[in-house]
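**Q** Below you will find the structure I want to go over with you.
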Amino acid sequence: MLLFAFVGFHVNAQEHDLFIPVDSVTQLIKFQNVVEEPGDQYDLFKRCIYWLNDYYKDPVRVTSVRDRATGKIIGHHRFRIYFYDKDSIKKVGGQINYTFTIEMKDDRYRYTIDELVLKSQTNIPVEKWLDKNDPAYDPRWDAYLKQIADYVNNWGEFLEEKMKPERQKVEDTW
């Protein structure tokens, strides 16, 4: 499982604990993980570019920074969240925009997902959903936070799998 590096707290959602990491300085949701992986900065950068090409339909439009010299990639993307109405019909609850940053150094890389906002006319920060005392509180907010955490976990797992070094083929000499 992912280890989230920033201080966070637990939000009780749907009768189980859901870990939503909140940056202690900014008080904004920030998913972050450092992964030890063999390879120099450039090698990890190349693997990350391969991952981008596999994960996103249009990776060039998704990324705003691809700096090989510093080993940094920054991108912006979105995904949908859903809810079920009273007739158990799945409906779109909105679209979450997010920013991701991947930073590579020799033998490790760090990825961060932050700047999560619900796309609307005013772009609502999802941190609003953490406040159960808000007069506008909606029980669907817990499900939305879970969907965000699930998305980020799947995103991170796919990245980590693709960042592993390619296995060397051993020739069969007989």
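FYI, it's all coordinate maths here, none of it is from the lab. Quick caveat, the model's predicted, so the values are computed rather than measured. Please note: Cβ atoms are built from the backbone with ideal geometry, for glycine as well, and neighbour counts cover all protein chains shown.
**Q** Neighbouring Cβ atoms within 10 Å as the yardstick, rank E171, E161, E37 fewest first.
**A** Neighbour counts put them in this order, fewest first: E171, E161, E37.
**Q** Same structure, new question: Select from the stretch 76-118 those trypsin sites (Lys or Arg not before Pro) which occupy a DSSP coil region and have at most 15 other Cβ atoms within 10 Å, ordered by residue number.
**A** Filter output for the stretch 76-118: K86.
**Q** About the Cα centre, and with charges only on the beta carbon of Lys, Arg (+1) and Asp, Glu (-1), how big is the dipole of the chain? Nearest 20 debye, please.
**A** For this selection, approximately 640 debye.
**Q** Cβ under 13 Å from F100's Cβ, F100 left aside: what net charge do those residues give with Lys, Arg +1 and Asp, Glu -1?
**A** Within the 13 Å Cβ shell, the charges total +2.
**Q** Output the pairs from K46/K72; K57/K91; K30/K72; K90/K162 with a Cα-Cα distance over 20 Å in this structure; if there are none, say none.
**A** The answer is K57/K91; K90/K162.
**Q** Relative to the present Cα-Cα distance, how much length would full extension add between K57 and K169 at 0.36 nm per residue of separation?
**A** 37.4 nm
**Q** Bin width 10 Å, alpha-carbon pairs only: give the P(r) of the stretch 9-162 as whole percents, running from 0 to the bin holding the largest distance.
**A** With a bin width of 10 Å, the distribution comes to 10, 37, 32, 17, 4, 0.
**Q** Still on this structure: Taking only Cα atoms, what is the 0 to 90° angle, nearest 10, from helix 140-162's long axis to the longest principal axis of the chain?
**A** 0
**Q** Note down the relative contact order for the stretch 98-157 as a percent, whole number, built from C-alpha pairs under 8 angstrom at least six residues apart.
**A** 19
**Q** Counting other beta carbons within 10 Å of each residue's own, what order do L118, L28 fall into, fewest first?
**A** With the fewest neighbours first, L118, L28 line up as L28, L118.
**Q** On to the next question. Could you list T70, T173 in order of exposure, starting from the residue whose Cβ has the fewest other Cβ atoms within 10 Å?
**A** Neighbour counts put them in this order, fewest first: T173, T70.
**Q** Which angle between 0 and 90 degrees, to the nearest 10, do you get for helix 41-55 versus the longest principal axis of the chain when only C-alpha atoms count?
**A** Roughly 50 degrees, rounded to the nearest 10.
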